[in-house]
1. Where the second residue is open to solvent by less than 10 Å² (accessible area, probe 1.4 Å) and part of a helix (DSSP H, G or I) and the first is closer than 9 Å to VAL113 by Cα and lies in region 39-52, which pairs have Cβ atoms under 9 Å and are six or more apart or on separate chains?
2. From the set of residues in region 317-360 that are of a type in the set (Ser, Thr, Tyr) and in contact (Cβ under 8 Å) with a residue 12 or more places away in the chain, which is surrounded by the most Cβ atoms within 10 Å (Cβ to Cβ)?
3. Which ones in region 409-427 are within 16 Å of the ligand (Cβ to nearest atom) and either open to solvent by less than 30 Å² (accessible area, probe 1.4 Å) or in contact (Cβ under 8 Å) with a residue 24 or more places away in the chain (or both)?
4. Just to confirm my filter: which helices (runs of 4 or more DSSP H) fall fully inside region 365-483 and include at least 1 residues that are touching a Lys or Arg at 6+ places or on another chain (Cβ under 6 Å)?
5. With region 86-199 as the region, which helices (runs of 4 or more DSSP H) entirely inside it contain at least 3 residues that are within 16 Å of the ligand (Cβ to nearest atom)?
6. Taking region 451-469, which residues are touching a Gly at 6+ places or on another chain (Cβ under 6 Å) and buried (at least 24 other Cβ atoms within 10 Å of the Cβ)?
7. What tally of residues in region 208-236 results from selecting those that are over 15 Å from the mean Cα position of the chain (by Cα) and within 13 Å of the ligand (Cβ to nearest atom)?
8. Please pick out the residue among GLY69, GLY82, GLY88 that is touching a Gly at 6+ places or on another chain (Cβ under 7 Å) and at pLDDT 95 or above.
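The values are calculated or read from the model by the stated rules, or taken from the named source; none is laboratory data. Small disclaimer: the values here were computed from a predicted structure and weren't measured. Here the Cβ positions follow ideal geometry from the backbone for every residue, glycine too, while neighbour counts run over all protein chains shown. Accessible surface areas use protein heavy atoms only, side chains included; no ligands, DNA or RNA. Shrake-Rupley method; radii C 1.70, N 1.55, O 1.52, S 1.80 Å.
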Amino acid sequence: MYHLSLCEIKDNLLKKKFSSVELTKCFLERIEKYKNLNAYITVCSDQALQAAKKSDEKIANNTAGDLEGIPLGIKDMFITKGIRTTSGSRMLSNFIPPYESTITQKLLDAGAVFLGKTNMDEFAMGSTNSTSYFGKVINPWKVKERLVPGGSSGGSAAAVCGHLCAAATGSDTGGSIRQPAAFTGIVGLKPTYGRCSRYGMIAMASSLDQGGVFAKTVRDSAVLLKAISGYDEKDSTSANIPVPDFESFAGRSIKGMKIGIPKEFLVDGIQQDIVDAWKKGAQILKDAGAEIVDVSLPSSKYSLPVYYIIQPAEASANLARYDGVRYGFRAEGKTLNEMYENTRDQGFGNEVKRRILIGTYVLSAGYFDAYYMKALKVRKIIYHEFNDVFQKVDALLAPTTPSSAFSLDNEPKDPVTMYLNDILTVTANIAGVPGMSVPICLDKDQKPLGLQLMAPHFMEEKLIQIGSVLEAGASFPSLKEID
Ligand code: GLN
(Lines give C-alpha, C1' and ligand atoms only; values in the text may rest on other atoms or scores of the structure.)
Protein backbone atom coordinates (compact mmCIF):
# COMPACT_ATOMS: atom_id res chain seq x y z
CA MET A 1 0.00 0.00 0.00
CA TYR A 2 2.71 2.45 0.98
CA HIS A 3 4.26 2.51 -2.50
CA LEU A 4 1.10 3.80 -4.12
CA SER A 5 0.68 7.36 -5.32
CA LEU A 6 -1.86 9.59 -3.62
CA CYS A 7 -4.29 9.20 -6.54
CA GLU A 8 -3.95 5.41 -6.44
CA ILE A 9 -4.51 5.43 -2.69
CA LYS A 10 -7.63 7.55 -3.15
CA ASP A 11 -8.96 5.11 -5.69
CA ASN A 12 -8.26 2.08 -3.49
CA LEU A 13 -9.84 3.72 -0.44
CA LEU A 14 -13.00 4.61 -2.35
CA LYS A 15 -13.20 1.07 -3.76
CA LYS A 16 -12.63 -0.22 -0.19
CA LYS A 17 -9.62 -2.32 -1.24
CA PHE A 18 -8.11 -1.25 2.08
CA SER A 19 -9.21 1.11 4.83
CA SER A 20 -7.66 4.36 5.97
CA VAL A 21 -7.04 2.79 9.38
CA GLU A 22 -5.04 -0.03 7.77
CA LEU A 23 -3.08 2.40 5.66
CA THR A 24 -2.43 4.80 8.53
CA LYS A 25 -1.19 1.91 10.69
CA CYS A 26 1.11 0.85 7.88
CA PHE A 27 2.68 4.32 7.60
CA LEU A 28 2.98 4.64 11.38
CA GLU A 29 4.82 1.31 11.50
CA ARG A 30 7.20 2.49 8.78
CA ILE A 31 7.82 5.78 10.58
CA GLU A 32 8.79 3.74 13.67
CA LYS A 33 10.89 1.29 11.64
CA TYR A 34 12.85 4.05 9.90
CA LYS A 35 13.19 6.32 12.91
CA ASN A 36 16.90 6.58 12.14
CA LEU A 37 16.05 8.86 9.17
CA ASN A 38 14.70 11.40 11.72
CA ALA A 39 12.11 12.58 9.20
CA TYR A 40 9.51 13.45 11.85
CA ILE A 41 9.86 15.70 14.89
CA THR A 42 6.45 14.73 16.31
CA VAL A 43 4.38 11.68 15.38
CA CYS A 44 0.67 11.89 16.28
CA SER A 45 -0.35 8.24 16.18
CA ASP A 46 -3.51 8.50 18.29
CA GLN A 47 -4.92 11.52 16.48
CA ALA A 48 -4.03 9.96 13.13
CA LEU A 49 -5.80 6.68 13.90
CA GLN A 50 -8.88 8.49 15.19
CA ALA A 51 -8.98 10.64 12.04
CA ALA A 52 -8.53 7.56 9.86
CA LYS A 53 -11.45 5.87 11.59
CA LYS A 54 -13.67 8.90 10.92
CA SER A 55 -12.56 8.90 7.30
CA ASP A 56 -13.48 5.24 6.91
CA GLU A 57 -16.96 6.10 8.18
CA LYS A 58 -17.25 8.96 5.69
CA ILE A 59 -16.15 6.71 2.86
CA ALA A 60 -18.75 4.16 3.94
CA ASN A 61 -21.50 6.87 3.92
CA ASN A 62 -20.43 8.34 0.59
CA THR A 63 -19.53 11.66 2.18
CA ALA A 64 -15.80 11.46 1.46
CA GLY A 65 -13.80 14.67 0.85
CA ASP A 66 -11.20 15.03 -1.91
CA LEU A 67 -8.40 13.73 0.31
CA GLU A 68 -10.48 11.50 2.55
CA GLY A 69 -8.38 9.15 4.66
CA ILE A 70 -5.07 10.00 2.97
CA PRO A 71 -2.14 10.10 5.43
CA LEU A 72 0.12 13.15 5.07
CA GLY A 73 3.25 14.56 6.68
CA ILE A 74 3.09 18.23 7.70
CA LYS A 75 6.19 20.41 7.81
CA ASP A 76 6.63 21.59 11.38
CA MET A 77 6.25 25.25 10.46
CA PHE A 78 2.53 24.90 9.78
CA ILE A 79 0.62 25.76 12.94
CA THR A 80 -1.51 22.80 13.99
CA LYS A 81 -4.05 23.22 16.77
CA GLY A 82 -3.21 21.10 19.79
CA ILE A 83 -0.17 19.51 18.08
CA ARG A 84 3.29 20.75 19.04
CA THR A 85 4.73 23.03 16.36
CA THR A 86 8.43 23.82 16.68
CA SER A 87 9.69 25.25 13.36
CA GLY A 88 12.76 23.12 14.07
CA SER A 89 13.81 25.45 16.88
CA ARG A 90 14.49 25.16 20.58
CA MET A 91 12.63 28.48 20.82
CA LEU A 92 9.33 26.71 20.08
CA SER A 93 10.22 23.28 21.39
CA ASN A 94 7.34 23.43 23.89
CA PHE A 95 4.81 25.35 21.79
CA ILE A 96 1.34 23.87 21.40
CA PRO A 97 -0.67 26.23 19.19
CA PRO A 98 -4.26 27.20 19.99
CA TYR A 99 -5.26 27.60 16.31
CA GLU A 100 -4.83 25.99 12.88
CA SER A 101 -3.05 27.32 9.78
CA THR A 102 -5.23 27.86 6.72
CA ILE A 103 -3.36 25.33 4.58
CA THR A 104 -3.65 22.56 7.18
CA GLN A 105 -7.28 23.48 7.87
CA LYS A 106 -8.04 23.09 4.17
CA LEU A 107 -6.33 19.69 4.14
CA LEU A 108 -8.32 18.61 7.21
CA ASP A 109 -11.53 19.85 5.60
CA ALA A 110 -10.73 17.68 2.56
CA GLY A 111 -10.44 14.66 4.89
CA ALA A 112 -6.63 14.25 5.12
CA VAL A 113 -5.09 12.37 8.04
CA PHE A 114 -2.02 13.96 9.66
CA LEU A 115 0.65 11.43 10.64
CA GLY A 116 2.87 14.01 12.28
CA LYS A 117 5.10 17.03 11.92
CA THR A 118 8.18 16.70 9.77
CA ASN A 119 11.70 17.80 10.54
CA MET A 120 13.11 21.00 9.05
CA ASP A 121 15.95 23.46 9.26
CA GLU A 122 15.52 25.88 12.15
CA PHE A 123 12.93 28.51 11.12
CA ALA A 124 13.36 27.19 7.54
CA MET A 125 16.91 28.52 7.20
CA GLY A 126 19.17 26.02 5.52
CA SER A 127 19.67 23.75 2.54
CA THR A 128 20.50 20.44 4.20
CA ASN A 129 18.17 20.11 7.21
CA SER A 130 21.25 20.31 9.43
CA THR A 131 20.27 23.40 11.40
CA SER A 132 17.29 21.67 13.07
CA TYR A 133 17.35 21.67 16.87
CA PHE A 134 15.91 18.15 16.57
CA GLY A 135 18.84 16.72 14.63
CA LYS A 136 19.77 16.03 11.05
CA VAL A 137 17.66 14.07 8.57
CA ILE A 138 19.03 11.29 6.41
CA ASN A 139 18.06 11.01 2.75
CA PRO A 140 16.38 7.60 2.17
CA TRP A 141 18.54 7.13 -0.95
CA LYS A 142 21.79 5.27 -0.23
CA VAL A 143 21.34 5.46 3.54
CA LYS A 144 24.85 4.16 4.23
CA GLU A 145 26.32 7.18 2.47
CA ARG A 146 24.34 9.48 4.78
CA LEU A 147 23.26 11.90 2.07
CA VAL A 148 21.50 15.11 3.03
CA PRO A 149 17.82 15.24 2.02
CA GLY A 150 18.16 18.95 1.16
CA GLY A 151 16.45 21.69 3.11
CA SER A 152 14.79 23.36 4.68
CA SER A 153 11.88 20.92 4.20
CA GLY A 154 14.21 17.90 4.51
CA GLY A 155 11.89 15.88 6.74
CA SER A 156 8.91 16.18 4.38
CA ALA A 157 11.04 15.24 1.36
CA ALA A 158 12.57 12.25 3.16
CA ALA A 159 9.14 11.13 4.38
CA VAL A 160 7.58 11.18 0.89
CA CYS A 161 10.59 9.60 -0.80
CA GLY A 162 10.92 6.88 1.87
CA HIS A 163 7.15 6.12 1.79
CA LEU A 164 6.60 7.34 5.34
CA CYS A 165 3.47 9.22 4.15
CA ALA A 166 1.50 9.53 0.91
CA ALA A 167 2.51 13.17 0.39
CA ALA A 168 3.54 16.15 2.50
CA THR A 169 3.44 19.91 2.86
CA GLY A 170 6.48 22.15 2.60
CA SER A 171 7.37 25.80 2.42
CA ASP A 172 9.63 27.48 -0.08
CA THR A 173 11.24 30.86 0.59
CA GLY A 174 14.32 30.34 -1.55
CA GLY A 175 14.01 26.76 -2.72
CA SER A 176 13.04 24.72 0.33
CA ILE A 177 10.51 22.63 -1.58
CA ARG A 178 12.20 22.29 -4.97
CA GLN A 179 15.76 21.62 -3.75
CA PRO A 180 14.88 18.77 -1.32
CA ALA A 181 12.51 17.32 -3.94
CA ALA A 182 15.43 17.19 -6.40
CA PHE A 183 17.76 15.62 -3.81
CA THR A 184 15.26 12.88 -2.96
CA GLY A 185 13.83 12.14 -6.42
CA ILE A 186 10.25 13.33 -5.86
CA VAL A 187 7.99 16.11 -7.15
CA GLY A 188 8.06 19.45 -5.31
CA LEU A 189 5.69 22.28 -6.17
CA LYS A 190 6.05 25.88 -5.02
CA PRO A 191 2.92 27.81 -6.02
CA THR A 192 2.83 31.48 -7.05
CA TYR A 193 3.31 33.88 -4.15
CA GLY A 194 -0.26 34.60 -3.05
CA ARG A 195 -1.86 31.41 -4.42
CA CYS A 196 -2.08 29.80 -0.94
CA SER A 197 -2.62 31.54 2.35
CA ARG A 198 0.37 32.09 4.63
CA TYR A 199 -1.89 32.37 7.68
CA GLY A 200 -0.46 30.11 10.36
CA MET A 201 2.78 29.42 8.54
CA ILE A 202 5.55 30.45 10.92
CA ALA A 203 7.00 33.47 9.15
CA MET A 204 10.57 33.40 7.90
CA ALA A 205 10.75 36.05 5.14
CA SER A 206 7.20 37.16 4.49
CA SER A 207 7.55 38.55 0.96
CA LEU A 208 9.14 35.29 -0.22
CA ASP A 209 7.49 32.52 1.89
CA GLN A 210 5.06 30.25 0.07
CA GLY A 211 3.51 27.00 1.23
CA GLY A 212 3.39 24.10 -1.21
CA VAL A 213 3.59 20.34 -1.57
CA PHE A 214 5.75 17.26 -1.99
CA ALA A 215 4.31 14.31 -3.87
CA LYS A 216 5.28 11.13 -5.66
CA THR A 217 3.75 12.22 -8.97
CA VAL A 218 2.88 15.43 -10.79
CA ARG A 219 -0.80 14.46 -10.76
CA ASP A 220 -0.69 14.01 -6.97
CA SER A 221 0.82 17.47 -6.61
CA ALA A 222 -2.06 18.90 -8.68
CA VAL A 223 -4.67 17.31 -6.40
CA LEU A 224 -2.96 18.67 -3.30
CA LEU A 225 -2.45 22.10 -4.81
CA LYS A 226 -6.15 22.41 -5.53
CA ALA A 227 -6.91 21.51 -1.91
CA ILE A 228 -4.62 24.16 -0.40
CA SER A 229 -5.17 27.05 -2.85
CA GLY A 230 -7.52 29.99 -2.65
CA TYR A 231 -8.18 33.39 -1.19
CA ASP A 232 -8.07 33.79 2.57
CA GLU A 233 -9.22 36.95 4.29
CA LYS A 234 -6.75 36.20 7.10
CA ASP A 235 -3.79 36.77 4.73
CA SER A 236 -3.76 40.16 3.02
CA THR A 237 -1.27 38.87 0.43
CA SER A 238 -3.44 35.95 -0.66
CA ALA A 239 -4.86 36.47 -4.13
CA ASN A 240 -8.57 36.56 -4.83
CA ILE A 241 -8.55 34.74 -8.15
CA PRO A 242 -10.23 31.49 -9.23
CA VAL A 243 -8.55 28.14 -8.58
CA PRO A 244 -8.50 25.96 -11.72
CA ASP A 245 -8.98 22.21 -11.68
CA PHE A 246 -5.23 21.60 -11.76
CA GLU A 247 -5.55 17.82 -12.05
CA SER A 248 -7.31 18.10 -15.41
CA PHE A 249 -4.07 19.51 -16.88
CA ALA A 250 -2.02 16.39 -16.04
CA GLY A 251 -1.32 14.45 -19.21
CA ARG A 252 -2.58 17.12 -21.64
CA SER A 253 -0.63 17.63 -24.83
CA ILE A 254 2.03 20.36 -24.91
CA LYS A 255 2.12 20.53 -28.70
CA GLY A 256 2.94 24.01 -29.87
CA MET A 257 3.97 25.28 -26.43
CA LYS A 258 7.17 27.28 -26.21
CA ILE A 259 9.66 26.34 -23.52
CA GLY A 260 12.47 28.76 -22.67
CA ILE A 261 15.98 27.66 -21.70
CA PRO A 262 17.40 30.50 -19.58
CA LYS A 263 21.11 30.61 -20.29
CA GLU A 264 22.05 32.22 -16.96
CA PHE A 265 21.08 28.97 -15.18
CA LEU A 266 24.19 27.34 -16.63
CA VAL A 267 26.15 28.45 -13.56
CA ASP A 268 29.85 27.96 -12.86
CA GLY A 269 30.70 24.64 -11.26
CA ILE A 270 27.42 22.94 -12.19
CA GLN A 271 27.74 19.13 -12.23
CA GLN A 272 28.13 17.77 -15.79
CA ASP A 273 25.40 15.12 -15.28
CA ILE A 274 22.99 17.96 -14.55
CA VAL A 275 23.81 19.74 -17.77
CA ASP A 276 23.19 16.43 -19.59
CA ALA A 277 19.93 15.91 -17.71
CA TRP A 278 18.82 19.41 -18.71
CA LYS A 279 19.40 18.54 -22.38
CA LYS A 280 17.53 15.28 -21.90
CA GLY A 281 14.59 17.17 -20.40
CA ALA A 282 14.51 19.66 -23.28
CA GLN A 283 14.55 16.76 -25.74
CA ILE A 284 11.61 15.05 -24.00
CA LEU A 285 9.56 18.24 -24.33
CA LYS A 286 10.65 18.73 -27.93
CA ASP A 287 9.67 15.15 -28.80
CA ALA A 288 6.26 15.88 -27.29
CA GLY A 289 5.78 18.75 -29.74
CA ALA A 290 7.03 21.77 -27.79
CA GLU A 291 9.34 24.36 -29.29
CA ILE A 292 12.56 24.95 -27.36
CA VAL A 293 13.72 28.57 -27.30
CA ASP A 294 16.90 30.07 -25.84
CA VAL A 295 16.08 32.98 -23.55
CA SER A 296 17.92 35.29 -21.20
CA LEU A 297 17.16 36.67 -17.75
CA PRO A 298 20.25 38.87 -17.50
CA SER A 299 19.70 40.09 -13.94
CA SER A 300 18.97 36.65 -12.49
CA LYS A 301 22.67 36.43 -11.67
CA TYR A 302 21.94 38.93 -8.88
CA SER A 303 19.17 36.79 -7.38
CA LEU A 304 21.30 35.11 -4.74
CA PRO A 305 22.83 38.36 -3.35
CA VAL A 306 19.40 40.01 -3.47
CA TYR A 307 17.90 37.04 -1.63
CA TYR A 308 20.56 37.10 1.07
CA ILE A 309 19.72 40.74 1.83
CA ILE A 310 15.92 40.58 1.70
CA GLN A 311 15.60 37.21 3.45
CA PRO A 312 17.71 38.12 6.53
CA ALA A 313 16.12 41.59 6.71
CA GLU A 314 12.61 40.15 6.86
CA ALA A 315 13.64 37.22 9.04
CA SER A 316 15.27 39.50 11.60
CA ALA A 317 12.02 41.46 11.88
CA ASN A 318 9.85 38.31 12.06
CA LEU A 319 12.03 36.71 14.72
CA ALA A 320 11.89 39.77 16.99
CA ARG A 321 8.71 38.31 18.52
CA TYR A 322 10.61 35.49 20.24
CA ASP A 323 11.57 37.26 23.42
CA GLY A 324 10.74 34.70 26.10
CA VAL A 325 7.67 36.66 27.19
CA ARG A 326 4.80 35.73 24.91
CA TYR A 327 5.29 32.02 24.28
CA GLY A 328 7.92 29.40 23.68
CA PHE A 329 11.24 28.94 25.40
CA ARG A 330 12.37 31.25 28.22
CA ALA A 331 15.77 31.40 29.91
CA GLU A 332 16.27 32.96 33.31
CA GLY A 333 17.95 36.35 33.80
CA LYS A 334 18.43 38.76 36.68
CA THR A 335 16.93 41.67 34.77
CA LEU A 336 14.41 41.88 31.95
CA ASN A 337 17.15 42.63 29.42
CA GLU A 338 19.23 39.74 30.65
CA MET A 339 16.21 37.43 30.30
CA TYR A 340 15.71 38.60 26.68
CA GLU A 341 19.39 38.11 25.90
CA ASN A 342 19.66 34.70 27.48
CA THR A 343 16.44 33.53 25.85
CA ARG A 344 17.56 34.55 22.37
CA ASP A 345 21.08 33.30 22.95
CA GLN A 346 19.99 29.84 24.08
CA GLY A 347 16.78 29.59 22.06
CA PHE A 348 18.24 30.25 18.59
CA GLY A 349 20.90 28.26 16.77
CA ASN A 350 23.91 29.71 14.94
CA GLU A 351 22.42 30.00 11.46
CA VAL A 352 19.40 31.88 12.78
CA LYS A 353 21.63 34.23 14.76
CA ARG A 354 23.78 34.84 11.67
CA ARG A 355 20.71 35.84 9.65
CA ILE A 356 19.46 38.12 12.45
CA LEU A 357 22.83 39.87 12.52
CA ILE A 358 22.91 40.32 8.74
CA GLY A 359 19.27 41.41 8.68
CA THR A 360 19.59 44.04 11.38
CA TYR A 361 22.77 45.31 9.70
CA VAL A 362 21.20 45.77 6.24
CA LEU A 363 18.18 47.46 7.83
CA SER A 364 20.22 49.78 10.06
CA ALA A 365 19.93 53.54 9.43
CA GLY A 366 23.35 53.92 7.82
CA TYR A 367 23.05 50.95 5.43
CA PHE A 368 19.36 50.75 4.60
CA ASP A 369 19.64 52.54 1.25
CA ALA A 370 22.91 50.93 0.24
CA TYR A 371 21.71 47.35 0.81
CA TYR A 372 18.04 46.85 1.47
CA MET A 373 16.65 49.53 -0.88
CA LYS A 374 19.10 48.52 -3.58
CA ALA A 375 18.08 44.89 -3.24
CA LEU A 376 14.40 45.83 -3.60
CA LYS A 377 15.20 47.73 -6.81
CA VAL A 378 17.11 44.81 -8.31
CA ARG A 379 14.24 42.55 -7.28
CA LYS A 380 11.86 44.68 -9.34
CA ILE A 381 14.17 44.44 -12.37
CA ILE A 382 14.26 40.64 -12.07
CA TYR A 383 10.47 40.60 -11.78
CA HIS A 384 10.12 42.61 -15.00
CA GLU A 385 12.60 40.40 -16.82
CA PHE A 386 10.46 37.37 -16.00
CA ASN A 387 7.33 39.11 -17.24
CA ASP A 388 9.11 40.03 -20.48
CA VAL A 389 10.37 36.49 -21.05
CA PHE A 390 6.89 35.10 -20.42
CA GLN A 391 5.63 37.22 -23.33
CA LYS A 392 7.69 34.91 -25.52
CA VAL A 393 7.49 31.49 -23.83
CA ASP A 394 4.94 29.47 -21.85
CA ALA A 395 7.39 28.21 -19.27
CA LEU A 396 11.08 27.92 -18.42
CA LEU A 397 13.11 24.74 -17.98
CA ALA A 398 16.28 24.74 -15.84
CA PRO A 399 18.10 22.50 -13.40
CA THR A 400 16.84 22.63 -9.79
CA THR A 401 20.25 22.36 -8.14
CA PRO A 402 23.89 22.74 -9.23
CA SER A 403 24.81 19.33 -7.73
CA SER A 404 23.20 16.12 -6.50
CA ALA A 405 22.89 15.40 -2.76
CA PHE A 406 26.17 15.29 -0.83
CA SER A 407 27.05 13.45 2.36
CA LEU A 408 26.14 14.86 5.76
CA ASP A 409 29.76 14.29 6.66
CA ASN A 410 31.13 16.66 4.00
CA GLU A 411 28.66 19.44 4.15
CA PRO A 412 30.15 22.83 3.29
CA LYS A 413 31.41 24.45 6.48
CA ASP A 414 31.30 28.06 5.38
CA PRO A 415 27.88 29.68 5.03
CA VAL A 416 28.46 31.24 1.61
CA THR A 417 29.25 27.87 -0.03
CA MET A 418 26.10 26.56 1.61
CA TYR A 419 24.08 29.49 0.23
CA LEU A 420 25.24 28.58 -3.30
CA ASN A 421 22.96 25.53 -3.10
CA ASP A 422 20.07 27.94 -3.64
CA ILE A 423 21.51 29.67 -6.68
CA LEU A 424 19.01 28.13 -9.11
CA THR A 425 15.91 28.20 -6.92
CA VAL A 426 15.85 31.66 -5.28
CA THR A 427 15.12 33.46 -8.56
CA ALA A 428 11.54 32.15 -8.70
CA ASN A 429 10.92 33.43 -5.16
CA ILE A 430 12.41 36.83 -5.97
CA ALA A 431 10.01 37.10 -8.93
CA GLY A 432 7.11 35.38 -7.11
CA VAL A 433 6.51 32.93 -9.98
CA PRO A 434 5.49 29.28 -9.45
CA GLY A 435 8.11 26.54 -9.77
CA MET A 436 8.12 22.77 -9.77
CA SER A 437 10.96 20.25 -9.50
CA VAL A 438 10.44 16.99 -11.38
CA PRO A 439 12.81 14.02 -10.95
CA ILE A 440 14.59 13.35 -14.23
CA CYS A 441 17.32 10.72 -13.81
CA LEU A 442 20.11 9.42 -11.58
CA ASP A 443 23.63 10.82 -11.82
CA LYS A 444 26.72 8.65 -12.30
CA ASP A 445 26.73 7.89 -8.54
CA GLN A 446 23.08 6.76 -8.67
CA LYS A 447 21.78 9.86 -6.92
CA PRO A 448 18.57 11.63 -8.02
CA LEU A 449 18.60 14.78 -10.17
CA GLY A 450 15.68 17.14 -10.72
CA LEU A 451 14.70 19.68 -13.33
CA GLN A 452 12.80 22.81 -12.52
CA LEU A 453 9.90 24.31 -14.46
CA MET A 454 8.85 27.91 -13.90
CA ALA A 455 5.66 29.48 -15.26
CA PRO A 456 4.03 32.92 -15.28
CA HIS A 457 2.28 34.11 -12.10
CA PHE A 458 -0.85 32.05 -11.28
CA MET A 459 -0.30 29.59 -14.11
CA GLU A 460 0.52 26.50 -12.08
CA GLU A 461 -1.61 24.53 -14.54
CA LYS A 462 1.24 24.92 -17.04
CA LEU A 463 3.63 23.37 -14.54
CA ILE A 464 1.26 20.44 -14.16
CA GLN A 465 0.77 20.06 -17.91
CA ILE A 466 4.46 20.29 -18.85
CA GLY A 467 5.63 18.53 -15.68
CA SER A 468 3.51 15.47 -16.42
CA VAL A 469 5.00 15.21 -19.93
CA LEU A 470 8.51 15.49 -18.48
CA GLU A 471 7.68 12.87 -15.86
CA ALA A 472 6.29 10.43 -18.43
CA GLY A 473 9.30 10.88 -20.71
CA ALA A 474 11.86 10.56 -17.93
CA SER A 475 10.37 7.44 -16.28
CA PHE A 476 12.50 8.11 -13.21
CA PRO A 477 13.30 5.00 -11.13
CA SER A 478 11.65 6.00 -7.80
CA LEU A 479 13.05 4.58 -4.59
CA LYS A 480 11.50 1.15 -3.98
CA GLU A 481 12.90 0.20 -0.60
CA ILE A 482 15.09 1.85 2.02
CA ASP A 483 18.17 -0.31 2.57
N1 GLN B 1 18.06 27.54 1.75
C2 GLN B 1 17.46 28.84 1.72
C3 GLN B 1 17.74 29.55 3.01
O4 GLN B 1 18.41 29.02 3.81
C5 GLN B 1 16.00 28.73 1.45
C6 GLN B 1 15.20 28.34 2.60
C7 GLN B 1 13.74 28.24 2.31
O8 GLN B 1 13.31 28.20 1.16
N9 GLN B 1 12.96 28.20 3.38
O10 GLN B 1 17.32 30.64 3.26
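1. Cβ pairs passing all conditions: ALA48/THR24; ALA48/PHE27; LEU49/THR24; ALA51/SER20; ALA51/THR24; ALA52/SER20; ALA52/LEU23; ALA52/THR24.
2. Within region 317-360, the subset of a type in the set (Ser, Thr, Tyr) is 322, 327, 335, 340, 343, 360.
Still in the running and in contact (Cβ under 8 Å) with a residue 12 or more places away in the chain: 322, 327, 340, 343, 360.
Working: TYR322: 23, TYR327: 16, TYR340: 17, THR343: 21, THR360: 15.
In this case the residue turns out to be TYR322.
3. Within region 409-427, the first condition is being within 16 Å of the ligand (Cβ to nearest atom), and the residues that meet it are 411-427.
Selection gives GLU411, PRO415, MET418, TYR419, LEU420, ASN421, ASP422, ILE423, LEU424, THR425, VAL426, THR427.
4. On the way: elements: 374-392, 415-419, 426-431, 460-474.
Where helices (runs of 4 or more DSSP H) fall fully within region 365-483 and carry at least 1 residues being touching a Lys or Arg at 6+ places or on another chain (Cβ under 6 Å), they are 426-431, 460-474.
5. Numbers: elements: 102-109, 154-161, 178-184.
Ranges flagged: 154-161, 178-184.
6. Scanning region 451-469 gives LEU451, GLN452, LEU453, MET454.
7. Count: 0.
8. GLY69
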